[in-house]
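Beneath this line is the structure, given in structure tokens, with notes to follow.
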Amino acid sequence: MRSARIRRTRDACAVALASALALTALTACGTSSSGDDDGGSEGSGSSDPTAPLDPKTKVTLTIDCMPPTAKAAELKEWKEDVAAFNRTYPNVTIQGRSTPGQCLEPPRFTAMLKAKSQPDVFYTYFTDLPQVLDNDGAADITAYVNEKTVPLLKDIDPNVLGSLKHDGKLYGLPTSNYTMGLLINRKLFEDAGLDPDAPPRTWEEVRAAAKRIAALGNGVAGFGEYSAGNTGGWHFTAQMYSLGGDVVDASGERAAFNTDLGKRIARNLHAMRWEDDSMGRTQLLQWGDLQKQIATDKLGMFLAAPDDIAYMVQQLGAKYENFGMGPIPGGKATLAGGNNYMIKKGISGDRIKAAIAWLNFKNLTVGKGQFDWARAKADGLPVGVPQPNFWLNDSKAKDDAARVEHATMPVANFRAFMGNPVPGKAEPPKAQEVYKILDNVMSGILTNKDADIDKLLATAESQVNQILAAR
């Protein structure tokens, strides 16, 4: 989802309108972007889309997801980055937008697309591309993105860029990505006599470890799972991927989870819940619930992305050293997702060039912008989380070294995760609708001791096929 739609709602946008910046003029939230007019300020620029923006060309850009005032350190860094960017591009005016509520709240996002009121540069999840294209919302930036405008383009994971392409055309640039692994509570592992530096690598090992952790008593669960708010279906998909399965077939037209593998996963979860009593008695959980449990030493492990740890420390008062991470059990593939920015269709070529120049500076330059780990440490922000991790080659080596040098958390706790990479796999078509249906499978398994697993999967299969047929 965020792609995980629920998980990312805590990201770099949310909460309330930020105060007007000294360095950036803040447009009122909800106003339309500057659209396809010239704003009365653009120069003639260059007609060649492959050429970088002329620093003398006057451009005004509205940009989504400026940090709100509640995120003081992030907002400080935004202001610093605008100032640094303007030293190279003094005639580009950045108008940052903060959004009340959630930066990418699904109903608001859909309404914005339909009203064509998105900013010039707007924030999306990887899975939003079909919806954006259906609403004719994003510019094709293929001709504008090259190694002159994005010098480290060759070092960005092509699988990440592939999530932003349709029919060979590029519609966005990444800001972060994630893959799922097994997040563990190191204290509970040690209390149960397990090695926190060697998290379980198979689902059989997960089950065995969960029993030992649950045997500690005092309301501790060994393993946790979601089953509501689309998150149950999201995690059922992750488990299918981990063992080499799928939830939708290669054609994108048929469900693929009502198989021996799907039944095996469902029966294993049912056994852990009802035979082993290792998953806790409180169910119908969704994003945020498992984080609270593991942060308070009431849960041994669950599937997550690494940045959950930063959230638990910053928002829930947990300590970095209490957590560790291993690759997703099974190891065939892991669910991957992420976030990016797209550029509004219809704006001028100079605005597109300015947008790409900003995104390159802010999000796609090792040692600068979001990858300035020395600054992040000085500002009290988390350093050492192994994602975003879309770099390859020399860029990856440099970024990894800087994370370790400036780490504010014990990066060794991630060694099992980082040292055993699992291929990432994108979310299925119509992911949120599919996940909502698969929530019923997960909730049935985890709330009903007498659940008919074959019937749950068959019913879900029929419903997903109907959703996919409506494409």
Which entries in the list Lys56/Lys396; Lys187/Lys455; Lys148/Lys430; Lys56/Lys116; Lys353/Lys436 go over 31 Å, if you measure between the two C-alpha atoms of each? Lys56/Lys396; Lys187/Lys455; Lys148/Lys430; Lys353/Lys436
Cut-off 19 Å, label 7 Å out along Cα→Cβ of Thr50, residues of the range 349-364 by amide N: 349-350, 352-354, 356-357
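Rg/Rh for the chain to two decimals, with Rh computed the Kirkwood way over all alpha-carbon pairs.
Details: Rg = 22.6 Å, Rh = 23.1 Å.
Here Rg/Rh amounts to 0.98.
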If you take the beta carbon distance between Leu392 and Arg415 as r and set R0 to 30 Å, what does 1/(1 + (r/R0)^6) give as a FRET efficiency, to the nearest 0.05? 0.90
If I model a spin label as a point 7 Å beyond the Cα along the Cα-Cβ vector, how far apart are those points for Leu381 and Leu153 in nm? 2.6 nm
Sequence-distant or interchain residues sharing an amide H contact under 5 Å with Thr60, placed H: which? Thr93
Please give the length that would be gained between His406 and Lys187 if that part of the chain were fully extended, namely 0.36 nm times their separation in residues minus their C-alpha to C-alpha distance (nm, one decimal). 76.4 nm
Per residue, how much accessible area does the range 149-300 have with a 1.4 Å probe, in Å²? 39 Å²
If I model a spin label as a point 7 Å beyond the Cα along the Cα-Cβ vector, how far apart are those points for Asn465 and Gln131 in nm? 2.7 nm
Per the rule of 0.36 nm per residue minus the C-alpha distance, extending Leu216 to Lys263 adds in nm 14.0 nm
Calc'd 3J(HN,Hα), the range 230-240, phi into Karplus 6.51 cos²θ - 1.76 cosθ + 1.60 (θ = phi - 60°), Hz, glycine/Pro = x, comes to 6, 6, x, x, 4, 6, 4, 4, 4, 5, 4
Counting only residues 5 or more places away or on other chains, whose amide H sits under 5 Å from the amide H of Gly424 once H atoms are built in the peptide plane? Thr334
The simple spin-label model distance between Lys169 and Asp249, using points 7 Å out along Cα→Cβ, in nm, is 3.0 nm
Please report, as a whole percent, how much of the solvent-accessible surface of the range 243-307 comes from carbon and sulfur atoms (probe radius 1.4 Å). 43 percent
Please give the Cα centre distance for the range 427-455 versus the range 355-396, rounded to the nearest Å. 37 Å
When the helices in the chain are scored as -39500 (n - 2.57) per DSSP H run of 4 or longer and the sum is shared across all residues, what 222 nm value do you end up with, to the nearest 500 deg cm²/dmol? -11000 deg cm²/dmol
To the nearest 10 degrees, how steep is helix 307-316 against the longest Cα principal axis of the chain, on a 0 to 90 scale? 90 degrees
Cα-based helix-to-principal-axis angle, 203-214 vs the chain, degrees rounded to 10: 70 degrees
Between Thr69 and Ala115, what's the calculated FRET efficiency when r is the beta-carbon distance and R0 is 35 Å? Round to 0.05. 0.85
So, how do all the Cα-to-Cα distances of the range 272-383 break down into 10 Å bins, in percent, from 0 on up? 11, 27, 30, 19, 11, 3, 0
In degrees, nearest 10, range 0 to 90: what is the angle between the Cα axis of helix 453-469 and the longest Cα principal axis of the chain? 20 degrees
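In terms of the Cα gyration tensor, with a ≥ b ≥ c the square roots of its eigenvalues, is the range 329-378 rounded because a/c is under 1.5, prolate because a/b exceeds b/c, or oblate?
Values: a/c = 3.96, a/b = 1.34, b/c = 2.95.
It is oblate, given that a/c is not under 1.5 and a/b is not larger than b/c.
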Jot down the per residue volume, in cubic angstrom and as a whole number, of the convex hull over the alpha-carbon atoms of the range 315-471. 195 Å³
For the range 122-223, which GluC sites (Glu not before Pro) are both in a DSSP coil and crowded by at most 12 other Cβ atoms within 10 Å? Glu147
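The values are calculated or read from the model by the stated rules, or taken from the named source; none is laboratory data. Because the structure is a prediction, the values reported are computed rather than measured. Ideal geometry is used to build each Cβ from the backbone, glycine not excepted, and the neighbour counts take in all protein chains shown. Side chains included, ligands, DNA and RNA excluded: accessible areas come from the protein's heavy atoms. Shrake-Rupley method; radii C 1.70, N 1.55, O 1.52, S 1.80 Å.
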